[in-house]
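Novice: Take a look at the following structure, please.
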Amino acid sequence: IHKCFDEKNNQDGIVEFDMRSQESSGTNKLFNISGPVFDVLNDGGVLVIDELDASLHPLLTLAVTKLFHSKESNRNSAQLIFATHDTNLLNYGNYRRDQVFFVEKDNFGASSMYSLVDYKEEGKTIRKDRSFEKDYIEGRYGAIPFIDNVTNVKLEWHEK
């Protein structure tokens, strides 16, 4: 339901609308995951969400994950496990190193998973004050897609 206003900005009624067809995919996603999120926060347990960030604004994704870090909203030690492509979440202070895992495919398509806390550079663990996002985008931790020269892909497609 949305409130309606007249030209003097006074509320003069309400209008009903259909969530699926008249709201953004992000709003729909937030409503769709809110039940499971609040259930697990209330009851404890583990919630697994693939591509949590899909259709959500990065600040909304961060807000959902912060619910699980808050002692106030997460009194029963619920856990959230999620996959994401939103590198903004790697900004300093959002997560501890032991909360960040990477998945990388090898040349045969097999995936391996490793934690940032286990990653070593010159025999030393990564400092917790490093810019995880910047380092990840630069390829320091691996787990980035292999992107061939896009021009070559276009030329090969065009030749067919």
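Novice: Report the residue count in the range 100-111 for those that are in a loop (DSSP other than H, G, I, E, B) and of a type in the set (A, V, I, L, M, F, W, C).
Specialist: Total satisfying the criteria: 3.
Novice: Checking Phe17 against (1) in a loop (DSSP other than H, G, I, E, B); (2) at pLDDT 95 or above; (3) not small (Gly, Ala, Ser), only one condition comes out false. Which one?
Specialist: (2) is the only condition that Phe17 fails.
Novice: OK, next. For Pro145, work out the one condition from (1) open to solvent by 50 Å² or more (accessible area, probe 1.4 Å); (2) in contact with a Gly (Cβ under 6 Å, 6 or more places away or on another chain); (3) within 25 Å of Ser25 (Cβ to Cβ) it doesn't fulfil.
Specialist: Among (1) open to solvent by 50 Å² or more (accessible area, probe 1.4 Å); (2) in contact with a Gly (Cβ under 6 Å, 6 or more places away or on another chain); (3) within 25 Å of Ser25 (Cβ to Cβ), the lone unmet condition for Pro145 is (2).
Novice: Do you know which residues across the range 70-87 are open to solvent by 70 Å² or more (accessible area, probe 1.4 Å) and in contact with a helix residue (DSSP H, G or I) (Cβ under 9 Å, 6 or more places away or on another chain)?
Specialist: Passing the criteria: Arg75, Asn76, Gln79.
Novice: Oh, and also: Looking only at the range 34-48, decide whether some residue is over 16 Å from the mean Cα position of the chain (by Cα), of a type in the set (Gly, Ala, Ser) and surrounded by 14 or more Cβ atoms within 10 Å (Cβ to Cβ).
Specialist: Taking every residue of the range 34-48 in turn, none turns out to be over 16 Å from the mean Cα position of the chain (by Cα), of a type in the set (Gly, Ala, Ser) and surrounded by 14 or more Cβ atoms within 10 Å (Cβ to Cβ).
Novice: Could I ask something else about it? Scan the range 112-124 for residues that are out of contact with any Phe, Trp or Tyr (no Cβ under 7 Å at 6 or more places or on another chain) and not in a loop (DSSP other than H, G, I, E, B) and report the count.
Specialist: Result for the range 112-124: 6.
Novice: Kindly indicate whether any position in the range 44-51 is over 16 Å from Leu90 (Cα atoms), in a helix (DSSP H, G or I) and modelled with pLDDT of 95 or more.
Specialist: No, that holds for no residue.
Novice: Check Glu133, Glu121 and return the single one that is surrounded by 12 or more Cβ atoms within 10 Å (Cβ to Cβ), out of contact with any Leu (no Cβ under 6 Å at 6 or more places or on another chain) and of a type in the set (Asp, Glu).
Specialist: Criteria check complete, one pass: Glu121.
Novice: Could I ask something else about it? Does any residue of the range 96-113 turn out to be surrounded by 11 or more Cβ atoms within 10 Å (Cβ to Cβ), touching a helix residue (DSSP H, G or I) at 6+ places or on another chain (Cβ under 7 Å), at pLDDT 90 or above and small (Gly, Ala, Ser)?
Specialist: Within the range 96-113, none of the residues are surrounded by 11 or more Cβ atoms within 10 Å (Cβ to Cβ), touching a helix residue (DSSP H, G or I) at 6+ places or on another chain (Cβ under 7 Å), at pLDDT 90 or above and small (Gly, Ala, Ser).
Novice: Shifting gears a bit: Of the conditions (1) surrounded by 10 or more Cβ atoms within 10 Å (Cβ to Cβ); (2) among the basic types (Lys, Arg); (3) more than 21 Å from Asp86 (Cβ to Cβ), Lys3 fails just one. Which one is it?
Specialist: (1)
Novice: Follow-up. Among the numbered conditions (1) closer than 23 Å to Thr87 by Cα; (2) assigned to a helix (DSSP H, G or I), tell me where Val40 comes up short.
Specialist: Every listed condition holds for Val40 apart from (1).
The values are calculated or read from the model by the stated rules, or taken from the named source; none is laboratory data. Nothing here was measured: the structure is a model prediction, and the numbers come from that model. Cβ sites come from the backbone with ideal geometry, for glycine too, and all protein chains shown count toward neighbours. Accessible surface areas use protein heavy atoms only, side chains included; no ligands, DNA or RNA. Shrake-Rupley method; radii C 1.70, N 1.55, O 1.52, S 1.80 Å.
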